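Participant: Have a look at this one before I ask anything.
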Amino acid sequence: MEMLEWIYNIEWSADCLPLVQIVVAQTLQAASPAVRYQLLLYNAPNIFDGLKWHWKAFIEGKVDSYVSQV
């Protein structure tokens, strides 16, 4: 649920949703379609932690850098 709230935060939702779609697709692509939902639920905390790290490192870092330059 936390991941969904984070994804649909009004401030960043246009940028978060595509990132989440890519990460989830990459995470589950090798899994059998019969177990993908189960793996998504099981791995959701790890997926979310990775998303937050990438977001902070790349997206927020670039925005902060840009704002500092301006």
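Participant: Find the all-direction average of the projected area of the Cα convex hull for region 2-69, expressing the result in square nanometres with one decimal place. Each step should come with its number before you reach the end.
Facilitator: Values: hull surface 19.5 nm².
In nm², the orientation-averaged hull projection of region 2-69 is 4.9.
Participant: What distance in nm separates the simple spin-label points at A31 and D49, each placed 7 Å from Cα in the Cβ direction?
Facilitator: My value for the distance between the label points is 1.7 nm.
A short reminder: the numbers here are calculations on the coordinates, not readings from a lab. Being a predicted model, the structure only gives us computed values, none of them experimental. Glycine also receives a Cβ, built like all others from the backbone with ideal geometry; neighbour counts cover every protein chain displayed.
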